[in-house]
Amino acid sequence: MTRRILSLLPATAALSLTWGCASVPRDAGVADVSRTVAERTGHVIAWQPGQPIEPPADAALDAALAGSELTVDRAVELALANNRDLLATLENLGIARADLIAARTVRNPLFEGEYHFPNQRFTPYEFAITQTLVDLIQLPRKRALGEAEMAAARLRVTASVVGFASEVRGDFYTLQAAQASLAQQQAVTAAAEAAAQLTQRQHEAGNVTDLDLETEQARYEQAKLALARAELDELQARERLLADLGATRSAPLRLAAQSVPPPDPETPVEQVEAAQDARLDVQLARAEVEAARRAGPIARTAPFDELAAGIHWDRESGGERSRGPIGTVPIPLFDQGLAARARATAVLRQAEQRLHALTVNGRAEARAAHERVVEARARAAYLADVVLPRRQRILHLTQLEYGAMQRGAFDLLRARQDLADAERERVLAIRDYWLAKTDLEAATSGVTGFSVRAELSMAARGNE
């Protein structure tokens, strides 16, 4: 019996080392994440675990932005390469790999010893080596649980990266519209200023009343306030996109012009609703259900975690030697594992309920995003086909009557202001379309609410 236990100890150590490291991906699953991100976004992740951490620098980013207009795809590419929140999120893969190794590793054997110093011929001692048995018994289950948790971690990181790519697209479209809207508001303000100055000169000549002067001055003041808001909106949108790109200082960004909605018809809402199985949040919920299911049997042996067996050697003060097996058996007198079992059951039920909730909420989210796309597309088309041509015709007719001295300068300036307002409305409608399109893609991919940004990720996890 003693020889068997002694022979089991090195075998146990070898088994622990082999199972702890075998089948654990050396890249922590980066290849799987990068492949899925490329399928969802069309961009790859240029990151490897363990690569040196360099301090943030703008030199490479400045070189990438110099000499060309920034497109939305280029913005996503730069953000995936430089954003530090993204790189910090990818480190979760290394943490998940370490957790998987820990799940596949048996606890180390314990050595105990006593050494006495009596006034006798022989010095008595007692030594023992013990090994927990529950780890050996539950090792296959713990390995399966670790693999399920690793799969969930990969999906969580993938969803965060894809969600971040959607955020970058949204931030790009927001800045793009803010810059165009600012240009339109500058034109409106310039027209209001010209009208106010003209009114002032005519008032001094006695050709307009005090009421007309105050009215034009008030319009000019309102235009200046709107211009200040437009400048602030552009600044905040630019800083947001710069943060996405990993820039450490503020700098102007030259973006490509807005693209009108494509002529292709939108995806039918029935097809959008049907794409539930491909959602990353659904796949993550299934992985969490699987991990919770595999944690249940492990929780049932919680009261016996200290169950151990081993061998001891001793020598008495008279010189007699002995050795033999020893065992440690916990007595489940107070802790009978009820809390561990109850928690495992509740976690499993919670994961299953969230999976069922996603099948309902995901469809509603996809339908709502689809409706926003349809509405924004129709609004942009109506402004381009009806409102803008009419405003342009009004300006043209006003110019003709102004040349014929049938209209005054105020009418001409007002027509130009109305045209600029309509153009700004179209800019915002196009922005709303691309934002809604981005939201629809995020809803279809199941990454709404996932982010690499610390504040958004913490808020999302606070609901778990």
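The values are calculated or read from the model by the stated rules, or taken from the named source; none is laboratory data. This one's a predicted model, so the numbers in the text were calculated from it and none came from an experiment. Don't worry about glycine lacking a Cβ; one is built from the backbone with ideal geometry, like all the others, and counts go over all protein chains shown. Protein only, heavy atoms only, side chains kept; ligands, DNA and RNA dropped before computing areas. Shrake-Rupley method; radii C 1.70, N 1.55, O 1.52, S 1.80 Å.
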Restricting the stretch 75-112 to residues that are in contact with a Cys (Cβ under 9 Å, 6 or more places away or on another chain) and crowded, with 18+ Cβ neighbours inside 10 Å, the one nearest to Asp32 (Cα to Cα) turns out to be Arg104
Ala192 being over 12 Å from Phe410 (Cβ atoms) and either of a type in the set (Gly, Ala, Ser) or at pLDDT below 85 (or both):
no
Ala247: passes all of (1) at pLDDT 90 or above; (2) touching a Leu at 6+ places or on another chain (Cβ under 6 Å) but (1)
Those residues of the stretch 275-294 which are of a type in the set (Asp, Glu) and part of a helix (DSSP H, G or I) amount to Asp281, Glu288, Glu290
message: Being under 22 Å from Ala429 (Cα atoms) and open to solvent by less than 50 Å² (accessible area, probe 1.4 Å): is that true of Ala308 here?
response: no
Item to check | Boolean, Ala381 is among the small types (Gly, Ala, Ser), assigned to a helix (DSSP H, G or I) and within 30 Å of Ala274 (Cβ to Cβ) | outcome: yes
Scanning the stretch 126-170 for residues that are over 30 Å from Pro303 (Cα atoms) and among the hydroxyl-bearing types (Ser, Thr, Tyr), the one nearest to the chain's Cα centre (by Cα) turns out to be Ser160
Pairs returned, first residue in the stretch 209-231 that is under 18 Å from Asp411 (Cβ atoms) and part of a helix (DSSP H, G or I), second residue that is open to solvent by less than 90 Å² (accessible area, probe 1.4 Å) and among the charged types (D, E, K, R), beta-carbon separation under 8 angstrom, 6 or more apart or interchain, are Tyr220/Glu193; Ala223/Glu193
Picked from the stretch 406-445 (must be assigned to a helix (DSSP H, G or I) and of a type in the set (Lys, Arg)), the residue farthest from Leu175 (Cα to Cα) is Arg414
Those residues of the stretch 236-257 that are closer than 29 Å to Ala190 by Cα, open to solvent by 50 Å² or more (accessible area, probe 1.4 Å) and of a type outside the set (A, V, I, L, M) come to a total of 6
Considering residues that are touching a helix residue (DSSP H, G or I) at 6+ places or on another chain (Cβ under 6 Å) and part of a helix (DSSP H, G or I), the number found within the stretch 94-133 is 4
Do we find a residue being in contact (Cβ under 8 Å) with a residue 24 or more places away in the chain and of a type in the set (Ser, Thr, Tyr) anywhere in the stretch 370-382?
no
Of the listed residues (Leu136, Leu155), the one being in contact with a helix residue (DSSP H, G or I) (Cβ under 8 Å, 6 or more places away or on another chain), in a helix (DSSP H, G or I) and surrounded by fewer than 22 Cβ atoms within 10 Å (Cβ to Cβ) is Leu136
Do we find a residue being under 16 Å from Leu307 (Cβ atoms) and not basic (Lys, Arg) anywhere in the stretch 94-106? yes
Among the residues of the stretch 368-393, the number that are crowded, with 16+ Cβ neighbours inside 10 Å and charged (D, E, K, R) is 4
Within the stretch 127-160, the residues that are touching a Phe, Trp or Tyr at 6+ places or on another chain (Cβ under 7 Å) and at pLDDT 85 or above are Phe127, Ile129, Leu139, Arg143, Ala159, Ser160
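Among the residues of the stretch 226-235, which ones are more than 15 Å from Gln184 (Cβ to Cβ) and exposed (fewer than 13 other Cβ atoms within 10 Å of the Cβ)?
Passing the criteria: only Leu232.
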Expected single match for open to solvent by less than 40 Å² (accessible area, probe 1.4 Å) and among the acidic types (Asp, Glu) among Glu204, Glu149, Glu216 is Glu216
Checked pairs for the stretch 408-429, first under 16 Å from Arg377 (Cα atoms), second part of a loop (DSSP other than H, G, I, E, B) and of a type outside the set (A, V, I, L, M), C-beta under 7 Å and 6 or more apart or across chains, list as Val427/Gln258
Report yes if some residue within the stretch 315-329 is open to solvent by 60 Å² or more (accessible area, probe 1.4 Å), part of a helix (DSSP H, G or I) and of a type outside the set (A, V, I, L, M); otherwise report no. no
